[in-house]
Amino acid sequence: MSGSLVVVAKNSAEHKKWKYVQWAYLAGFVLLTPLVLEPFEIGKMNRALIMGVAILAVNLVVGFNGMLALGHSAFMGIGAFVTASMVQDENWDYWQVIPIVVIVGFLMGVIVGLPALRVKGLYLALVTIAQAAVFPTLVNIDELGIAKRTGGPNGKGVSEEVIAPSYLEWLPGVDGARGGSAYRFWIIVLMVGITLLLVTNYLRSRPGRAVLAIRDNEAGAAVYGVNLPIVKTMNFAISASIGSLAGLMWCLDKGFVAGQDFTFLLAVDLIIGLVLGGVGTLQGGLVGGLFVVWVNDLTKRISVPLGLYTLNGDGPLAKAIFGLILILFTFFAPGGIVSLGRLINNKLIHIVPLTPSGESIEPMSGFDPGMESTRADTAMKLSIAGPVLLGVGWLLMNVNNLVVGVLAFGLRMTILLAPVAMLVGINELKAHADGNRPDSVKGPASMARNLGALGFVFVIGYALQRFVQTYPIWDIPLI
Amino acid sequence: MALLEVSEISVQFGGIRALDDLSFTMDEGQILGLIGPNGAGKTTLFNVVSRIYDPTTGSVTFDGQDLLAMSAHEISRVGVYRTFQNLALWPGMSVIENVMVGDHTNTKANVISSALRLPSMRKEENELRDRAWAALEEIGLEDVAYHPAAGLPFGTLKRIELARALIANPRLIMLDEPASGLTHQEVDSLAQDIKNLRDRHNLTILLVEHHMRMVLGISEKLVVLNFGRKIADGDPDVVRNDPEVIEAYLGSS
Amino acid sequence: MTWNFDILPDFIFNGLSLGAIYGTVALALVLIFKATTLINFATGELAMLGAFLVYVLHMEQGLWLWLSMLIAMALSAGLGVLIERTLTRPFDPSDHLPVVLITLGLFLIINAVAGDIWNYQVRILSNPFGQFPSWVPSVGGDRFIMVFGSRLKYQSLGIWVTLAIALFLLGLILNRTKAGLAFRAVSSNVESARLVGVHTGRTLGFGWAIASAFGTLGAVLVAPQLGGVNPNMMATILIYALAGAALGGLDSLGGAVLGGILVGLIQAVAVTWVGVVVFGQLYMSILQLAAAFIVILIVLLFRPSGLFGTRRVERV
């Protein structure tokens, strides 16, 4: 772990500072979304968050329990239709429907999961794939009042719009347009936050550890008293109820639900999001949701002329690109984007755990003589990484503007990495001047400082240019 | 009265008799060595007692309770635990979490109390973590407590399994080749550790091991299997001189 | 409520011929499951691709239909081997997730590429049994054979005979050829097969090849009932085939065929005949697909190893 730039003890002041910075980034991201984005883009973000919750639900089963669930589109559909029916036909409020949706989802999970999870093997995959295929046909059944409730092939709309009460007008982005996507964004963020908190608590305690133990070694789990079918079914049912909750959010966001929204293809989208985001990681769901919506958007812009034939991303080939991403990630990045992020994070910081009496288990930084030069080396590498990513993005953008996203990614990495590299470089040089570092530190440290500064300047310049482009300076009233 | 009573156990896989009419008893506090050549049925017996296999005939009672009437996850309730020959750790969790799951049976936090972090759950969780730490300290593993259980040396992983079995205050631990893959020095200290643990925690230990010096050194009773049948049973010093045992096992090695 | 038994045999015949096709696709699933304990979710799309190959060779290039079918089956088999070799062999078969993800990715890619090339319109593909020999009696312009006073379509008969021949050939391959015996050895125990010197990788490729060829056969046979070929043609058939494979037992080849036939019968008789003819309610026909789902659930509840599968169901 001595490769990390910063080594801090758990719960120390530095560690807390690091956490605050992370939370600040997240809060800034959330706050800016409704302020900066256009309403239709906020809508896309809402969809990404909803997909994120659904992917989290799939992840509970696939990533944390090692069982294959391929039919969560059906649970989303159940949640969405129950919500639409209760709100439209029975005049309930959305928040009143939440417990109903959670309970219905849980029961459906038990009905589907229990038979399949009593036995070992791929049976859950079998049942859930059939469930995903069957669900869209079930909502069209005329009997038992089903079609009346679901709207049948026409789908069902909720006529009442979700409007911010006047005492919530102060929410960022909401003022003026109280019924807009910004208000729905805040509701969804709240629901996502609570869901994520509850799931995190669940996974990091006794029942969650039993779920993970089953994934890692079933025989071992049984010997230590884990009741395999019960724990698996419970976990699957919890996952199903979270999937239904995502369905409720879907209905709340779109105000319209139809059977063809919840086909097997949606289930496959969830799996793709799971793999992109990170199987078996808590953040993987949200990251995957963002990327599914984002990649979907990007592929639509692809248009590569190949002689007589034009490769067109707007047609059926969009799905092929998703398929390709699925296979490439399975081969080369089985931990998804989150695990790549963790690799970078581990380069940046290493948190030393504590004994119950509050002592750090490993020696802290500074005691390890090899430490300082590694630190400068890592800073140097980081300082190079930012501009390189930026350059690659810029090149790709000029080849074909479909890869704007790579540029955006490079830019963000530079924003994150360049200042860190610059600061560490300056720090190490100072330490060298004070005689606390060997001479070998000097080269990498000055390079980190210089390149980091360059990247920093570049980012600021780029941001200025974007700003001027978006808000031409001569249009800004200088009062 | 005997603590563990295995009587007339037979296990049949297709045409193969993995265990043939095996009977023996263990007293409380005893270290019993179960030995025999490869394929003699030792691990099969473990799998019967820990309810992974169903025997064709016979019965297993522990402290008067019928183990065969229980499911695999229920036998930990009466205090019967085991380790695995090829490890059954959970590599996706940290070492201390592995040990914490070890006491799954005696802890109570459920989905709701955990998701809401109710005070009762937090209290139990803190106590559990402290006990897991104590178990790790006892085995000398506190340095790797927060390391993922994947990627540690084999000998360390074996000791993690021991710590995991210890945390639940077991009455009977079945150790499946704890010394395999260890160096000579490690084997000697392991033998001493097992004896100490038995004395400190009032354990009864059923030991399967190929390492003869270690088995003969710490066992108070030996059961020798060959092709699924018991060929000798009793005091180690007597058994090791039994001509049939020497013929089947010691003689060949 | 009219228990109209007169037309019941028609439904039974229909169910048997649909079921035979489900059985063929189920066989493709089981051939891969037996060897690797994996469910290949791209089975349907590979079969669809095979049917489109037949479409290209026969309808566009004018080759004789049966020859086109043989060529398409050979090409699908080659594609199956290629996929096994490049995409699934690098992964540990006991870890199901990566390989399932790969087959899902293939599902998307094949479907999308076919959609890009051939659009999502139904394209007519000649019926292999569209031309009638003169001995087949004609009833009202269509060709039927009268059985028990009911009309048995010449086409159904053709499907059964074709499948019977294919199954017979499969039996010969599995029991008489070296590759077939190796496949059986690997599917009953990988470790011991490897110990006696069977090249397991090549053998799994053999399983994929046969499975892909059988899938193609199923897709070509089912095309006339769907009005032709289109990229989404196998979507529901795969579900019926999965139900059939589960019902027969995921590791039993004969079970897969019988399970598929049973699912076809359940669909035709229990759902369509009882629902539409007896109760006169169309919603029962919507339940056809749901019947497949319910079959899977019932099998898992009462007999997880299926009707003919080996009872290797472990509790732990």
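The values are calculated or read from the model by the stated rules, or taken from the named source; none is laboratory data. All of these numbers come straight from a predicted model, not from anything done at the bench. Neighbour counts run over all protein chains shown; Cβ positions are idealised from the backbone, glycine included. Protein only, heavy atoms only, side chains kept; ligands, DNA and RNA dropped before computing areas. Shrake-Rupley method; radii C 1.70, N 1.55, O 1.52, S 1.80 Å.
Descriptive notes on the structure:
- Within 10 Å of the Cβ of each residue in C:112-123, the mean number of Cβ atoms contributed by other protein chains is 3.
- Given a 1.4 Å probe and the protein chains as shown, A:K254 ends up with an accessible area of around 110 Å².
- When A and B come together, around 2900 square angstrom of accessible surface is lost from both chains combined, probe 1.4 Å.
- Summed over all non-identical Cα pairs, the Kirkwood treatment of segment C:173-214 gives a radius of 10.1 Å.
- Greater than 21 Å apart at Cα, pairs in B:K42/C:K34; A:K44/A:K347; A:K19/A:K347; A:K10/B:K108; A:K19/B:K123: B:K42/C:K34; A:K44/A:K347; A:K10/B:K108; A:K19/B:K123
- Here's how it looks for C:F308: its modeled amide H is under 5 Å from those of C:G249, which are all 5 or more places away or on a different chain.
- Per-selection Kirkwood Rh - segment B:136-240 (Cα, Å, 1 d.p.): 14.9 Å
- If you run the Gaussian network model on chain C, springs between alpha carbon atoms under 10 Å, then out of C:R184, C:R303, C:R176 the most flexible one is C:R176.
- For segment A:177-282, fraction of C-alpha pairs farther apart than 22 Å, in %: 47 percent
- Within the protein assembly as shown, the percentage of alpha carbon pairs spaced more than 38 angstrom apart rounds to 58%.
- Take each residue of peptide B:88-101, count the partner chain Cβ atoms within 10 Å of its Cβ, and average: the result is 5.
- Calculated FRET efficiency for the pair B:Q185/A:L348, C-beta based, R₀ 41 Å, to 0.05: 0.55
- Dividing the summed helix terms, -39500 (n - 2.57) for each DSSP H run of n ≥ 4, by the number of residues in chain B produces a 222 nm estimate of -9500 deg cm²/dmol to the nearest 500.
- Accessible area (Å², per residue) of chain C, counting only protein heavy atoms and a probe of 1.4 Å: 42 Å²
- Top of C:V25, C:V229, C:V274 by mean-square fluctuation, Gaussian network on chain C, Cα under 10 Å: C:V274
- In segment A:13-262, the inverse of the mean reciprocal separation of distinct Cα atoms equals 19.3 Å; this is its Kirkwood hydrodynamic radius.
- Accessible area per residue for segment A:13-262 is 39 Å², calculated with a 1.4 Å probe on protein heavy atoms, without ligands, DNA or RNA.
- Comparing B:N86, B:N126, B:N226 in a Gaussian network model of chain B, where Cα atoms under 10 Å apart are tied by springs, the biggest mean-square fluctuation is seen for B:N126.
- Within segment B:176-197, backbone nitrogen closer than 14 Å to the virtual label 7 Å beyond the Cα of B:Q85 toward Cβ: B:176-181
- With N counted as the residues of segment A:72-135, its alpha-carbon radius of gyration over 2.2 N^0.38 Å works out to 1.29.
- Along principal axes, Cα extents of segment C:21-124, largest first, whole Å: 45, 26, 25
- Residues B:D27 and A:A333, FRET efficiency given R0 of 60 Å [Cβ-Cβ distance, rounded to 0.05]: 0.60
- For the protein assembly as shown, carbon and sulfur atoms together expose 63% of the accessible surface, with a 1.4 angstrom probe and every protein chain in place.
- Largest-first principal axis extents, alpha carbons of segment C:8-302, Å: 61, 50, 39
- Calculated FRET efficiency, C:Q61 to C:Y120, Cβ-Cβ distance, R0 = 25 Å: about 0.65 to the nearest 0.05.
- If the convex hull is drawn through the Cα atoms of chain B, its volume per residue in Å³: 140 Å³
- Mean Cβ neighbour count within 10 Å, used as a protection proxy, ranking C:210-223, C:231-244, C:64-77 highest first: C:210-223, C:231-244, C:64-77
- Span-rule helices in chain C, defined as complete DSSP H runs reaching 30 Å or more along the axis (Cα) with Kyte mean at least 1.6: C:96-118
- Per-residue mean of foreign Cβ neighbours for C:287-300 is 6 (Cβ atoms of other chains, 10 Å radius).
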